[in-house]
1. So what's the back-of-envelope 222 nm ellipticity for the chain, counting only DSSP H runs of four-plus at -39500 (n - 2.57) apiece and dividing by all residues, rounded to 500?
2. Compute the relative contact order of the chain as a whole-number percentage, counting only Cα pairs closer than 8 Å that sit 6 or more residues apart in sequence.
3. Based solely on C-alpha atoms, express the radius of gyration and the Dmax of the chain in angstrom.
4. Please identify, among 27, 19, 58, the residue showing maximal mean-square fluctuation in a Gaussian network model of the chain using a 10 angstrom Cα cutoff.
5. Heads up, I need the accessible area for residue 10: 1.4 angstrom probe, whole protein in place, Å², nearest 10.
Amino acid sequence: MNIDWAALGSVFGVSLVATIALVGLFTLGIVGLSKGASGAAATASGSTGSGSAALARTGAYVCFGLCLAAVSYGIYMIVA
């Protein structure tokens, strides 16, 4: 039985990079939602800066959308 170490290393590297990227995107989405929520609370109390809260929330939705796209593509690759 022969093991192709180069292919195994390649799969490991791609898996590691994809995992770190996906977790990073999801974390940025959570941070964006928390900043959007704190900005909305500040706006409700009379402070300005609702544009920043809207931008943070939009960025969070983009991050979550990219996570969904990556997971969907992975499922597609497994099924196809």
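1. Dividing the helical sum by the residues of the chain leaves -32000 deg cm²/dmol.
2. Averaging sequence separation for qualifying contacts and normalising by length gives 32 percent for the chain.
3. Both quantities, over Cα of the chain: 18.9, 70 Å.
4. Fluctuation is largest for 19.
5. Accessible area, nearest 10 Å²: 70 Å².
The values are calculated or read from the model by the stated rules, or taken from the named source; none is laboratory data. Model, not experiment: these values are computed from the prediction. The accessibility values were calculated without ligands, DNA or RNA, using every heavy atom of the protein model including side chains. Shrake-Rupley method; radii C 1.70, N 1.55, O 1.52, S 1.80 Å.
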